[in-house]
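See structure below.
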Amino acid sequence: MIRTLSLAATATIFALPAIACEGFSAEDAYARFSTSMSQSGAAFMALHNDGAEDCQITGVRSTIAERTELHTHMIDANGVARMMEVEEGFTVPAGGEHLLERGADHVMLMGLTAPLAQGEEFEVTFLFADGSESVVSVTVDNERMPASGHGAMQGHGAGHSGHGTGHGAGHDSGH
């Protein structure tokens, strides 16, 4: 009987996701959307790594959206800002940080399963190359302005030409 309980407890422990990359944390996480009818939104935050080794984020997921991706903005040859998925993910350097901010790297939420209402919270889960995960609580704050010099793109707004991956050209999710 004791052996059976020990095996069951061990199996349960191994079934749980590993603790996130040692030293990883996120702060000041918030999300934005362009209108209450938006089908997409974006999340921004500061990712920190107090550990001795780089943390490689390989993906992200959330139940608030049908698809959740790591994204960035790129300026094409015509000077047009386009969003695109960063398939290789983001590196949070040892002893450093990686900012997810408007007009730059961010978490893209596509096919929202519920409206993003001002002040509400939802979770995103970061997936790491070592198989670990970290859940971050995100607050919807559509009134937040980017910090001076951080995430502000001149001329980037409702008129930008959309995503480079073909999932919503012409919309603006406020980022």
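Each value in this text was obtained by applying a stated rule to the coordinates, not by laboratory testing. What you are looking at is a predicted structure, and each value in this text was computed from that prediction instead of being measured.
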Per the C-alpha gyration tensor (a ≥ b ≥ c, the square roots of its eigenvalues), segment 65-150 is rounded if a/c is under 1.5, else prolate if a/b beats b/c, else oblate; here it's rounded
Using a/c under 1.5 as the rounded threshold, could you call segment 49-111 rounded, prolate or oblate? The axes a ≥ b ≥ c are square roots of the C-alpha gyration tensor eigenvalues, and prolate needs a/b larger than b/c, oblate otherwise.
-> oblate
